[in-house]
2 protein chains.
Amino acid sequence: MAIKLFDSELRVMDVLWREGDTTAKRIAEDLKEQVGWSKTTTYTVIKKCLDKGAIERRDPNFVCRPLITREQAREFETTELINKLYDGAADQLVASILGRRNLSPEEIERLKRLVESLE
Amino acid sequence: MAIKLFDSELRVMDVLWREGDTTAKRIAEDLKEQVGWSKTTTYTVIKKCLDKGAIERRDPNFVCRPLITREQAREFETTELINKLYDGAADQLVASILGRRNLSPEEIERLKRLVESLE
DNA sequence: GCACCCATTCTATTGCAGTAGAATATAATG
DNA sequence: CATTATATTCTACTGCAATAGAATGGGTGC
């Protein structure tokens with residue numbers, strides 16, 4: 001399940017992740033609204049997603065269903081970043097973020113609890 | 001200090017981050033070795049870095065010095081990722097990594113201490 | 001001061017993501 | 001059915017990152 005999704009494809013996926021199974025028509029309407037895409041652009045990108053197995057099509061009505069979860073996409077992109085800039089060490093990325101001090105007190109609190117819950 | 005560095009540019013920067021100030025000639029040699037780049041490719045990319053202020057040139061000898069730190073580049077790219085896939089919430093990214101369970105016990109231990117040291 | 005070699009710049013090519021218009025198929029309507 | 005409108009596909013264009021060859025410049029030994 002390691003598929004690179006391009007930015008345009010992520011836009012389509014994002015609609016599906018937020019709204020669940022959705023007709024192509026509806027996706028096109030949403031993205032027209034959200035990012036001004038022509039509807040043919042949306043259909044083209046949907047096709048790319050289908051071709052690479054990121055979504056599947058159900059008929060009638062060209063209903064699109066995501067086959068990749070948001071978490072999978074996150075993991076893929078994050079791993080890519082870690083390899084590109086953090087020498088492949090995930091904890092370096094985490095350390096870097098924690099060291100930035102632009103986290104809110106609430107975020108810190110949540111993270112503390114999260115880390116403690118490990119193990 | 002918010003400059004987007006492309007992958008090719010990051011290769012040049014990486015040499016500078018690892019080795020410190022370095023002549024263009026030497027960078028070209030390194031990257032020829034490491035990634036098989038033609039030396040003109042390296043010079044072209046160095047020029048891009050110069051133009052966007054990521055490095056500066058000292059003469060004689062075309063010595064390149066990085067003006068952007070590795071940490072700045074990391075922060076930029078990481079923020080980009082967070083905005084693209086994590087709804088702009090840094091802690092979601094951290095949570096996602098922590099939840100992956102491909103961290104070693106040592107890493108977990110280090111992170112625990114790190115998080116606890118936050119205020 | 002000239003010829004040669006290497007350093008550097010200039011200019012061009014390529015590949016691909018992003019975008020959408022033209023063409024076609026399918027569904028709705030009278 | 002025939003006609004129109006809408007949904008869907010096909011094909012093409014564009015911009016730009018990546019890469020490098022050709023052209024130029026500058027130093028060095030003779």
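The values are calculated or read from the model by the stated rules, or taken from the named source; none is laboratory data. Note that the coordinates shown come from a computational prediction; the quantities given were computed from them, not determined experimentally. All Cβ positions, glycine included, derive from the backbone under ideal geometry; neighbour counts span all protein chains shown. Heads up: the accessible areas ignore ligands, DNA and RNA and are worked out on the full protein's heavy atoms, side chains in. Shrake-Rupley method; radii C 1.70, N 1.55, O 1.52, S 1.80 Å.
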Search result, residues across the range B:8-46 that are without any contact (Cβ under 8 Å) to a residue 24 or more places away in the chain and in contact with a Ser or Thr (Cβ under 7 Å, 6 or more places away or on another chain): B:15, B:28, B:31
Could you grab me the full set of residues in the range B:6-42 that are in contact with a strand residue (DSSP E or B) (Cβ under 7 Å, 6 or more places away or on another chain) and small (Gly, Ala, Ser)? B:24
Anything in the range A:1-44 that is of a type in the set (Val, Ile, Thr) and in contact with a Lys or Arg (Cβ under 7 Å, 6 or more places away or on another chain)? List them, or say none. A:3, A:35
Among the residues of the range A:47-79, write down those that are closer than 29 Å to residue B:72 by Cβ, open to solvent by 40 Å² or more (accessible area, probe 1.4 Å) and touching a residue at least 12 places away in the same chain (Cβ under 8 Å). A:70, A:76
Test for residue A:38: is it under 14 Å from the mean Cα position of the chain (by Cα), among the hydroxyl-bearing types (Ser, Thr, Tyr) and within 13 Å of DNA strand C (Cβ to nearest atom): no
Among A:8, A:104, the single one that is within 13 Å of another protein chain (Cβ to nearest Cβ), of a type in the set (S, T, N, Q) and more than 15 Å from DNA strand D (Cβ to nearest atom) is A:104
(1) surrounded by 13 or more Cβ atoms within 10 Å (Cβ to Cβ); (2) assigned to a helix (DSSP H, G or I); (3) more than 12 Å from DNA strand D (Cβ to nearest atom): which one isn't true of residue A:26, the others all being true? (3)
